[in-house]
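**Student:** The structure is given below, and queries will be raised subsequently.
The values are calculated or read from the model by the stated rules, or taken from the named source; none is laboratory data. Treat the numbers as computed from the prediction; the structure is a model and nothing was measured. Virtual Cβ from ideal backbone geometry, glycine too; neighbours counted across all protein chains shown.
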Amino acid sequence: MEYRKTTIVLTSIATGLVCMLVFVRALSFDFLNYDDMDFVLYNPNIRNLDMDMLSYAFTTVPPFSGIWTPLVWASFAVDYHFWGLNPLGYHLTNILIHAVNASLVVLIADKLFMAKSEFSETFLTISSRRYYPAVLLAAGLLFGIHPLRVESVVWISERKDVLNGIFALGSILFYLLYVESNASLLKKSMARRCYFISLLLLLFSFMAKPISVVIPVILLVLDWYPLNRLGRATMRSILIEKIPYFVLSMAMTSLTLYIASSENGMLVSTSLLSFGQRLVISGNAIFEYIRFIVYPVTILPTHLLATPIPFSYTLKTTVIFVVFIYFAITRKPSWLFAAWLCFIIPLLPVLAFFQTNSVAFAARYTYLPSVIPSIAVIAIISAVYEKSTIWRYNRYIREFLTSILIAVLLFHGLLTTRLIGVWKNSETFWTRQITYQPYDKAYFLRAGFYLYDGNYAAAIQDYTVCIEIALQENLDPVTVKNLYAYRGDAFSKAGRYLEAVRDFSTAINFSPDPLYFYHRGLALASLGRKEEAERDLTRAGSARGAIVWK
């Protein structure tokens with residue numbers, strides 16, 4: 001028994017180390033001008049580890065965040081305490097937490113495998129010490145190094161995914177330990193401790209990201225399969241033990257919906273998206289998530305919602321609906337139905353029923369939903385591997401299965417390593433987006449990076465594309481005048497003062513902002529047009545500083 005426990009612990013550690021090696025290149029990456037500025041760089045509230053920081057973390061929901069995540073702010077404050085504004089430290093924290101999460105997946109996989117072996121003969125009975133550690137390692141790596149993990153791990157602002165993961169997975173693991181201990185009369189006190197630890201970790205997971213409000217339902221699914229606890233005699237006790245879980249989840253759900261639907265909330269109005277549209281968008285998202293799990297290519301930083309909604313969304317939703325109906329009617333095979341539920345249920349809070357922006361689907365939303373399916377895939381491969389002992393040519397079948405699994409993991413590792421490079425800096429990030437699905441914000445933020453980096457010609461080019469898109473799509477005057485002001489700033493920095501004057505003049509025609517007069521005055525002075533420059537500087541008054549969006 002001790003040998004088995006030691007082997008499992010060493011396997012979980014090995015899984016975490018492999019994940020760290022895969023993601024280690026991200027340590028040299030920079031902050032991105034996509035949320036990292038608001039979350040870390042320009043956030044004065046994380047600059048001290050004191051009561052003011054804790055007060056901010058637990059009582060404030062910043063408009064750029066839109067959800068209550070006090071542990072995220074606390075973790076950033078700890079990073080700042082040790083690393084200042086060196087992005088290496090923030091990336092290191094994300095990678096370390098993700099490595100621990102992959103290790104937890106190994107431990108969860110072991111509990112699920114052993115639970116089913118104990119309670120039912122129909123599940124695979126893994127008895128061979130030779131390859132059981134490899135089975136657990138494969139389950140952890142299938143989750144940990146999949147390309148869909150890149151966004152959650154490498155994007156500093158998405159700390160909430162990995163931080164939620166460590167508490168959510170810990171909650172599930174301790175629940176499984178509770179079930180295991182509760183089955184023995186000699187371990188009742190240990191069962192109670194595991195139960196309360198599971199509840200506490202669930203509460204902590206809410207403070208990182210409320211996505212885990214669905215965990216009580218996932219635990220019920222696991223009670224059904226593979227734990228086999230839903231007999232009539234135990235149903236009442238199982239429901240009673242879930243009451244604290246559901247109470248915590250309902251409280252967190254109510255708080256999250258209240259914040260999201262407030263005046264500054266992030267929920268898209270039903271007047272903009274009907275229920276039918278939300279259903280189709282959700283079905284398309286589920287289809288795409290499955291496609292990415294199976295064939296993880298062309299994963300973008302942002303997958304925008306297509307407008308108008310294309311017919312392909314309806315076709316994909318129909319496929320998902322048919323699959324759902326099949327499972328609802330047959331509920332077989334049990335392991336596949338359970339894996340399907342554990343994949344769909346964690347996705348519900350991030351589907352279009354609660355649409356918050358123009359994103360149709362995102363890789364980061366698959367972090368928690370991918371855990372049980374990853375374990376299920378390895379479970380079925382292992383089952384086939386074991387049963388092949390009675391088949392003809394069993395040696396070749398086993399070699400084939402092993403080769404396929406190794407090839408898939410290597411393929412994932414290579415794709416993940418390549419995709420990590422997209423997040424190196426704001427230029428590589430937005431260039432990837434523009435290559436596959438360009439839109440105005442991508443050009444605008446890449447232009448901002450070029451402007452900061454001193455590549456003024458590239459910045460001017462991207463701002464020009466933004467202006468063309470804004471005029472073509474007849475965007476609001478506020479957007480247009482800001483774009484002209486930013487391009488004017490780029491022209492001025494590039495020494496093209498005549499064009500700078502022209503753009504600032506256009507911005508002033510939209511809105512006579514004192515800051516625009518100040519910058520046009522500087523450009524006019526550089527052209528030697530002193531009288532005009534003095535008039536502009538006078539109209540600017542005390543306005544000074546860089547161009548900002550107004």
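**Student:** Name the pairs: first residue in the stretch 320-342 and on the phi > 0 side of the Ramachandran plot, second residue crowded, with 18+ Cβ neighbours inside 10 Å and of a type outside the set (D, E, K, R), Cβ to Cβ under 7 Å, at least 6 apart or on different chains?
**Tutor:** ARG331/PHE337
**Student:** Further, regarding this structure: For the list (1) surrounded by fewer than 22 Cβ atoms within 10 Å (Cβ to Cβ); (2) closer than 13 Å to LEU27 by Cβ; (3) within 22 Å of the chain's Cα centre (by Cα), I need the number of the one condition that TRP83 fails.
**Tutor:** Here TRP83 meets the rest and fails (3).
**Student:** Identify, please: which residue in the stretch 151-198 is buried (at least 20 other Cβ atoms within 10 Å of the Cβ) and of a type in the set (Asp, Glu) and is, among those, nearest to ALA99 (Cα to Cα)?
**Tutor:** Taking the candidates together, the pick is ASP161.
**Student:** So ILE259 clears everything in (1) within 30 Å of THR59 (Cβ to Cβ); (2) modelled with pLDDT of 90 or more; (3) crowded, with 16+ Cβ neighbours inside 10 Å; (4) of a type outside the set (Gly, Ala, Ser) except one condition, right? Which one?
**Tutor:** It fails just one condition, (2).
**Student:** For the stretch 353-404, enumerate the residues that are of a type in the set (Asp, Glu) and at pLDDT below 80.
**Tutor:** Result: GLU386, single match.
**Student:** Based on what the data block shows, is ASP38 in contact with a helix residue (DSSP H, G or I) (Cβ under 7 Å, 6 or more places away or on another chain) and of a type in the set (D, E, K, R)?
**Tutor:** For ASP38, the condition - in contact with a helix residue (DSSP H, G or I) (Cβ under 7 Å, 6 or more places away or on another chain) and of a type in the set (D, E, K, R) - is not met.
**Student:** Is there a residue being among the charged types (D, E, K, R), in a helix (DSSP H, G or I), in contact (Cβ under 8 Å) with a residue 12 or more places away in the chain and over 21 Å from SER212 (Cβ atoms) anywhere in the stretch 286-308?
**Tutor:** yes
**Student:** Here's a follow-up. State all residues of the stretch 319-358 that are more than 18 Å from PHE292 (Cβ to Cβ) and outside any helix (DSSP H, G or I); if no residue qualifies, say none.
**Tutor:** Of everything in the stretch 319-358, those that are more than 18 Å from PHE292 (Cβ to Cβ) and outside any helix (DSSP H, G or I) turn out to be ARG331, LYS332, PRO333, GLN355, THR356, ASN357, SER358.
**Student:** On to the next question. Look at ASP110 and say whether it is acidic (Asp, Glu), in the same structural domain as ALA168 (by TED's automatic domain parsing) and either surrounded by 15 or more Cβ atoms within 10 Å (Cβ to Cβ) or within 28 Å of PRO147 (Cα to Cα) (or both).
**Tutor:** In short, yes.
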